[in-house]
Amino acid sequence: MTKALLKPRVKVGNEYVVKGQTMEQCFYSVGALCKAIYNRLFSWLVKRLNTTLDTKMQRQYFIGVLDIAGFEIFELNSFEQLCINFTNEKLQQFFNHHMFVLEQEEYKREGIHWEFIDFGMDLEACISLIEKPLGIMSILEEECMFPKATDMTFKSKLYDNHEGKTSNFQKPKPGKRKFEAHFAIGHYAGVVPYNVVGWLEKNKDPVNETVVECFKKSALALMVDLFADYASADSVSCIARVEFWTETPPK
């Protein structure tokens, strides 16, 4: 395992070569592996629970309970905070739509006299800023494909595409901060200033496939099971995983 982390085999063209890693690269690699294990273990657990609780009886009633991480705004807000806050925007939009829109449509279908009320709770503008084509996530994905791209070129493209075009994308207000803020987003819970340092590397989040091969030969049967279907195509960016989970939660 130590050898796999320090000197993994990397594919160059059609051949594999051993490439030594710096301490920082090892640090990111360990983090990516931890997230990969957590991701696969979570999916495995949900699948196992659903299989255990499955019943052939007709379902007539349903109660859903969801506990999510809260909205985050810290002294330093980075890529992780964007992912968490984006997920909260999507869940809040889902709640708002069902409580304030679909509920009023139900009144209409039932013939109840009701004047439609716009509660001003539509969060689509902020969600679109983050997830739509040419949105923040799309631009970050694009920058990760260019070898010469940096966090600052990413920041420049954000301003080129969004400055002055939506009120949700803002220049950070001047103030005494411990960390520099490069841009801000007007979320439903408040304005959050974000620092883009390290975003490209965090989004790439490459999984050390040499270590994965060790996992597949592990003495722990569960670890072998978790990575049995792993292929290099599974090594997708963080954004791709966030978008997948917000659109298609585990079943």
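Quick note: the coordinates plus some simple rules give every number you see, no bench work behind them. What you see is a predicted model; the values in this text were computed from it and never measured. Backbone-built Cβ (ideal geometry, glycine too); neighbour counts: all protein chains shown.
Details
- Within the range 79-197, the proportion of C-alpha pairs whose separation exceeds 16 Å stands at 66%.
- Gaussian network model of the chain, springs between alpha carbon atoms under 10 Å - residue of Thr87, Thr55, Thr153 with greatest fluctuation: Thr55
- Listed pairs Lys11/Lys204; Lys35/Lys148; Lys90/Lys132; Lys155/Lys202 exceeding 22 Å between Cα atoms: Lys35/Lys148
- In order along the range 186-195, phi translates into HN-Hα couplings of x, 8, 4, 8, x, 8, 10, x, 10, 10 Hz, rounded to whole numbers, per the Karplus curve 6.51 cos²θ - 1.76 cosθ + 1.60 with θ = phi - 60° and x for Gly and Pro.
- Within straight-line cross-link reach of Lys217, lysines at Cα separation under 17 Å, skipping those fewer than 8 residues along the same chain: Lys3
- Couplings for the range 98-114, taken from phi via the Karplus curve 6.51 cos²θ - 1.76 cosθ + 1.60 with θ = phi - 60°, read 6, 7, 10, 10, 4, 5, 6, 5, 5, 4, 5, 5, 8, x, 7, 5, 7 Hz in order; Gly and Pro are left as x.
- For Cys144, Cys34, Cys83, order by how many other beta-carbon atoms lie within 10 Å, fewest first: Cys34, Cys144, Cys83
- Candidates Phe116, Phe86, Phe179: whichever shows maximal mean-square fluctuation once the chain is modelled as a Gaussian network with Cα springs under 10 Å: Phe116
- Under the criterion of Cα pairs below 8 Å and six or more residues apart, the relative contact order for the range 79-197 equals 21 percent.
- GNM result for the chain, Cα springs below 10 Å: residue of Trp114, Trp199, Trp44 fluctuating most strongly: Trp114
- For the range 104-127 versus the range 136-167, the spacing of their alpha-carbon centroids is 35 Å.
- Counted as membrane-span-like here are DSSP H helices of the chain whose alpha-carbon atoms extend 30 Å or more along the helix's own axis and whose Kyte-Doolittle mean is -0.5 or above; these are 23-53.
- Here's the list of aspartates and glutamates a cross-link from Lys7 could span, going by alpha-carbon distance under 20 Å and ignoring same-chain residues fewer than 8 apart: Glu15, Glu24, Glu201, Asp205, Glu209, Glu213.
- Calculated from the structure at hand, volume of the Cα convex hull per residue in Å³ is found among (1) 159; (2) 186; (3) 140 as (2).
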